[in-house]
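Note sheet for the following structure.
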Amino acid sequence: MGKIRMTVATEKSPLYVCPMHPEVVGGKGDRCPKCGMNLVKSEKLKVKNLNQGEHDHGGHDHTEHHRMMMVEFRRKFWVILPATLVVLLLSPQIQMWLGFRFEVGGRDILLFLLGSVIALYGGWPFYTAAKDELRTRNYGMITLVSLAVISGYLFSVAATFLFPGESLWWEISTLVLAFLFGHWMEMKAVVGTGGALKELAKLIPPAAHKIKAIGTRQEAIDEVDTEDLKKGDMILVKPGEKIPADGEVVRGESSVNEGMVTGESRPIEKKKGSLVIGGTVNNDGSLTITVTQTGAESALSQIMDLIRRAQETKPNVQKLADKAANLLTITAIVVGSGTFVYWTLINPAGAVFAATLAITVIVIACPHALGLAIPTVTTITSSLAAKNGILIKDMRGLEIARKLDYLVLDKTGTLTEGNFGVAKILTREILRRSGASRATRSAQDDDADLKDLKSVSASSNDEILRLAAAVEVQSQHSIAQGIVEEAKRRQLELETAEKFKSYPGKGAEAWVKDKKVVVGNAKMMKEKGITNYELRIKDRLGTLVYVAKNKEYLGTIILEDQVRKESKQAIGAFHDLGIKVAMLTGDKKEVAEKVGKVLGIDTVFAEVLPEDKVNKVKELQDKGQMVGMVGDGVNDAPSLTQAHVGIAIGAGTSVAIESAEIVLMKSNPMDIVKVLELSRKTDSKMKQNLAWATGYNALAIPAAAGVFYSWGVTLRPEWGALLMSASSIIVVANAMLLRRARLSS
């Protein structure tokens, strides 16, 4: 077999990778030095992906790989079991212990034949993998297992044919049997931790009601396989049915349970124009949906891909475990050799006794528990997170989250609803009528005037809104949309705006009926040379949008963005966890500080342009703070990337956000608290597993070497194998306790 290497796949030189460890790349016929599995051609690693088509995930289906290993170990165990029982029956040592005699002619030859079958057939998976470990100098568990079995086998062959003495046939037979049983149980436990992907795949129904047009007005419904759906297809979803594909509602109204995908507990109302996610459950009404995404593009497929990637990423603590496992392997070989020399030459107790202890040392030191300590935790963590509407793209991000000193949150859409509505419109008529000073005017003054605004200038009020909406209808900003929605609510007829130009973080301008209309904040007014706009409003939680026509100030639209009811609870939870909170917003300082005071924010960054957000994150980092950034993942991308941990919130169906390590399906600040809690619980489990795996070896290796022999304590190879397997199973079982973890709601 060729040397494991990094290569580039071409038509003439295909790429071969390990299904379990995608970083291991080699040629045809190679085996993975980490798990012993044959490398497979990358084209064969494509897995059927939900609705239709294939999606290449590099074959990283860990659960399926462990399932294959479980089946192999189970099969070999049942083959080896009867042979081992016969070896035990024929062994003089066992007969003496149990007080019976059973003589068979040619017993030694029969033991040799049975022992050879057990050692070679039962131990073959270990030998093939160990060969690659030795070749790549990546010594690990497989090397020790193989060394222990082969040493015992060769010693027994020599004792049978070269020099008369007690052999170790029953020891190595039970050793192989114990290894097979332990690995079988271990893989069975591991398989139980990795079912998240298959559970998600089950959400997609196998069939769909496809609507087929007959003529111009009639429709018929065909039952089709979900995987045959294409973009643009019309489907009917009846009450109580699962939605088969991502799409947009074109007819009907209903509530949809999206909890299995987003973690949202309450049903979401859907009507014409609403987006729906494949795999969610339609509750009480019929919906006609146009399919917009299938296969790898679907939200559920993207979620599965993120979970799969997360299970493949390694936190930094995994590197420590890998180094410890490699060091443990070398230690076991050295201590095992030293044990044999000590009990043979320095304190002679017989070759059989010395060999038995040496083999036990090697067996019991197998670093399998260390190898499983972290991956099992990360696998369960990613599954638990997904059930709570949290998608972890990189486990290193979750690892860092527990160390955060500061959380930086974007105000709009994160701490607030993000849906701006028009609260007040203040016109020049109000100012002239009141005669109040701009410097002293309060919200109470505004409200008093607004009570009889219609008698003063209702037409001016609507005119300001109509002009502003005509400009903002071409903008996608949430503030602009709030103005447009209010104009629609008032049924105002909008003129067509021309020569529209947007000024990010400031406003926009356009020509409306040959009049140049400017809509924006104070900076925008100042830059455009517009005066008399500086209306000062005290004690108002809102955003001021000034409107001018032909450089003449017309009035001010006040929009308010409602603070989320969960925000204050979340801020309190952050403080309880010892994390300070900073808020980023483009709003005026007065408005931002009012929100900050209401929520208990530690640091407020106001009037921040989108391109300056990243500098605010750097500012905190330059002070030595460990910073996490929470934003919507679109215009917050640079700051999400700059932060030590980027958390994209409110992803909904657009889950593949590249700039964040962690993606939240809902716009609920309490989900950030869940991330922090999960980070700490995960870290705790990792440390517990590492402590157990290292502590077990610290006691077991000296016991196996005979250090406690004077107290009558010794360990045999088969006991060592069972203890080693038990240690691995304990690590997996401890990780599985994470499933019971309760996160804040």
Elements of type helices (runs of 4 or more DSSP H) in segment 506-611, at least 1 residues being in contact with a strand residue (DSSP E or B) (Cβ under 9 Å, 6 or more places away or on another chain) and without any contact (Cβ under 8 Å) to a residue 24 or more places away in the chain: 522-527, 589-599
Scan of segment 495-509 for residues that are closer than 27 Å to D636 by Cβ and surrounded by 13 or more Cβ atoms within 10 Å (Cβ to Cβ), ordered by number: F500, S502, Y503, G505, K506, G507, A508, E509
Hey, K666 more than 17 Å from K613 (Cβ to Cβ) and modelled with pLDDT of 85 or more or not: no
Yes/no for L120 being at pLDDT 80 or above, in a helix (DSSP H, G or I) and over 42 Å from the mean Cα position of the chain (by Cα): no
Leading residue by the ranking (modelled with the highest pLDDT) among those in segment 633-655 that are assigned to a loop (DSSP other than H, G, I, E, B) and more than 17 Å from the chain's Cα centre (by Cα): A643
Selected residue (criterion: modelled with the highest pLDDT) from residues of segment 168-205 that are among the aromatic types (F, W, Y) and in contact with a Gly (Cβ under 8 Å, 6 or more places away or on another chain): W169
Which numbered condition T414 misses (of (1) crowded, with 23+ Cβ neighbours inside 10 Å; (2) outside any helix (DSSP H, G or I)): (2)
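The values are calculated or read from the model by the stated rules, or taken from the named source; none is laboratory data. A quick note: this is a predicted structure, and the numbers were derived from the prediction, not measured. Methodologically, a virtual Cβ is constructed for each residue, glycine included, from the backbone with ideal geometry; neighbour enumeration extends over all protein chains shown.
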